[in-house]
Amino acid sequence: TNFHCSCCDMFKGEYCHTFDSCLSRPCQNGGQCEHKKNSLSDFNCNCRLGYHDSLCTERVSNLCSLDLCQNNGSCTGNQTHFQCECRPGFSGSHCEVDINECESNPCQHGVCVDRVGGFQCYCTPGYHGTKCNEMYNLCKTSPCQNEGVCIQEVDDYRCQCHPGHKGRHCTDKVDLCSPNPCFNHSKCSYDYNATCHCPPGFKGTRCEVNVNECESSPCLNGGTCKDFINGFKCSCHELHAGPNCEYTSKFVRKGNDLEGTNHSYHVENLYIVAGTLSGAILIVIIVLTTCYCRMHETYKHCGLKRLQYSRQKE
């Protein structure tokens, strides 16, 4: 035969063999009955707002007496309403929400850690400040020597050295004249910069320019100028001579025609050459005679004969 059990009071199950304390609805005023852990006989009442005690039978005179505001929030209210004024860093109707101040990414160059009512930034190397927005100025101490320029970098600096120095702080001196930057066998000296001392005939910062002595047109009377290193040479027209073609040869004017011009020019040159050679030959003869006499001491014999001749006369 089939049967069905209708359980009474606080029992349940197919055979009404299980006791459940919440079946009797012990919680008043809309409170919710909840079993205690691993027990159907023991229960707790989760009371509606405004009621308290074990069965939710008593109504409070002020809701703030129930400590509804968390995290030390301040409560204002009455029997039916309340309002929580939350401390910085919290929000919600019960101040139960911890505001994440790191959500706005306040740390510009670092990692943000949320704190109660605030945040803390852990800066990357080279930055500081509450928001890691300030860079350390390592150039304040003027680490670059010898007029070097300090350039700030992230967590570091570098020195842009003046010519003539190198190294981390521009303390190492550089020989700007090795290798010699000057051309045409010029001498080099340096202090902060290399200086080239040009030999005659050259100019320029590196003595790379050959001075054109013909630029000033030194050859006169239509002479042609040829430039050399530290000098020039003039090729003169006929009738003109001299380093700058400044001398004009004599010529004979007869009537309106020029006669013997070329002849007079060549004759004058022959005279000059002949006179020069004669003088040179005379000097050579005198030098050779003097040397011969000194080598063979003939001047002593000549002096002795003159002495004897003068005595005989006396």
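Would you pick out the residues in segment 179-230 that are among the polar types (S, T, N, Q), within 28 Å of the chain's Cα centre (by Cα) and part of a strand (DSSP E or B)? It would help to see each step written out before you state the result.
Filtering segment 179-230 for residues among the polar types (S, T, N, Q) gives 180, 184, 186, 189, 193, 195, 205, 210, 212, 216-217, 221, 224, 230.
Subset that is within 28 Å of the chain's Cα centre (by Cα): 180, 189, 193, 195, 205.
Ser189, Thr195, listed by residue number.
Starting from residues that are out of contact with any strand residue (DSSP E or B) (no Cβ under 8 Å at 6 or more places or on another chain) and under 20 Å from Phe90 (Cα atoms), keep the ones in segment 106-131 and report whichever is surrounded by the most Cβ atoms within 10 Å (Cβ to Cβ).
Going through the qualifying residues, I end up with Gly118.
Condition (residue is surrounded by 16 or more Cβ atoms within 10 Å (Cβ to Cβ) and assigned to a helix (DSSP H, G or I)) applied to segment 144-159: is it met by at least one residue?
So far as segment 144-159 goes, no, none of its residues is surrounded by 16 or more Cβ atoms within 10 Å (Cβ to Cβ) and assigned to a helix (DSSP H, G or I).
Filter segment 12-28 down to residues that are assigned to a loop (DSSP other than H, G, I, E, B) and surrounded by 15 or more Cβ atoms within 10 Å (Cβ to Cβ), then give me how many there are.
Kept after step one, since they are assigned to a loop (DSSP other than H, G, I, E, B), are these residues of segment 12-28: 13-17, 20, 25-28.
If we keep only those that are surrounded by 15 or more Cβ atoms within 10 Å (Cβ to Cβ) as well, we get 20, 26-28.
Of the residues in that region, 4 qualify.
Looking only at segment 158-169, count how many residues are of a type outside the set (Lys, Arg) and at pLDDT 90 or above.
The initial filter retains those residues of segment 158-169 that are of a type outside the set (Lys, Arg), namely 159-165, 167, 169.
Then drop every residue that is not at pLDDT 90 or above, which leaves 159-161, 167, 169.
The total comes to 5.
Here are Asn44, Asn38: which of them is assigned by TED's automatic domain parsing to the domain that holds Pro88, touching a Cys at 6+ places or on another chain (Cβ under 8 Å) and polar (S, T, N, Q)? Before you say what the answer is, go through the steps one by one.
Working: Asn38 fails: touching a Cys at 6+ places or on another chain (Cβ under 8 Å).
From the options Asn44, Asn38, the qualifying one is Asn44.
Filter segment 75-105 down to the residues that are surrounded by 15 or more Cβ atoms within 10 Å (Cβ to Cβ) and either within 14 Å of Lys131 (Cβ to Cβ) or of a type in the set (A, V, I, L, M, F, W, C) (or both) and list them by number.
Cys75, Phe82, Cys84, Cys86, Phe90, Cys95, Ile99, Glu101, Cys102
Being closer than 30 Å to Ser24 by Cβ and out of contact with any helix residue (DSSP H, G or I) (no Cβ under 7 Å at 6 or more places or on another chain) is true for just one of Arg59, Arg87, Arg115. Which residue is that? Reasoning before the result, please.
Details: Arg87 fails: closer than 30 Å to Ser24 by Cβ; Arg115 fails: closer than 30 Å to Ser24 by Cβ.
Testing whether each residue is closer than 30 Å to Ser24 by Cβ and out of contact with any helix residue (DSSP H, G or I) (no Cβ under 7 Å at 6 or more places or on another chain) leaves just Arg59.
Looking at Cys8, Cys33, which one is surrounded by 12 or more Cβ atoms within 10 Å (Cβ to Cβ) and either more than 60 Å from the chain's Cα centre (by Cα) or in the same structural domain as Gly118 (by TED's automatic domain parsing) (or both)?
On the way: Cys8 fails: surrounded by 12 or more Cβ atoms within 10 Å (Cβ to Cβ).
The match here is Cys33.
Quick check on my filter: what residues within segment 86-101 are out of contact with any Asp or Glu (no Cβ under 7 Å at 6 or more places or on another chain) and either in contact (Cβ under 8 Å) with a residue 24 or more places away in the chain or in a helix (DSSP H, G or I) (or both)? Walk me through how you get there before you give the answer.
As a first pass, look at segment 86-101 and keep what is out of contact with any Asp or Glu (no Cβ under 7 Å at 6 or more places or on another chain): 86-88, 91-99.
Result: Arg87, Pro88, His94, Cys95, Glu96, Asp98.
Where residues in segment 36-57 are out of contact with any strand residue (DSSP E or B) (no Cβ under 7 Å at 6 or more places or on another chain) and among the polar types (S, T, N, Q), which of them is surrounded by the most Cβ atoms within 10 Å (Cβ to Cβ)?
Thr57
Return yes or no: is Thr289 within 23 Å of Ser249 (Cα to Cα), assigned to a helix (DSSP H, G or I), at pLDDT 80 or above and out of contact with any strand residue (DSSP E or B) (no Cβ under 6 Å at 6 or more places or on another chain)?
Values: within 23 Å of Ser249 (Cα to Cα): no; assigned to a helix (DSSP H, G or I): yes; at pLDDT 80 or above: yes; out of contact with any strand residue (DSSP E or B) (no Cβ under 6 Å at 6 or more places or on another chain): yes.
So Thr289 fails the test.
From the list Asn38, Asn2, which residue is part of a loop (DSSP other than H, G, I, E, B), on the phi > 0 side of the Ramachandran plot and at pLDDT below 80?
Numbers: Asn2 fails: on the phi > 0 side of the Ramachandran plot.
Only one candidate qualifies: Asn38.
The values are calculated or read from the model by the stated rules, or taken from the named source; none is laboratory data. As the structure is a prediction and not an experimental result, all values here were calculated from the model. Counting neighbours? That spans all protein chains shown, and the Cβs are built from the backbone with ideal geometry, glycine included.
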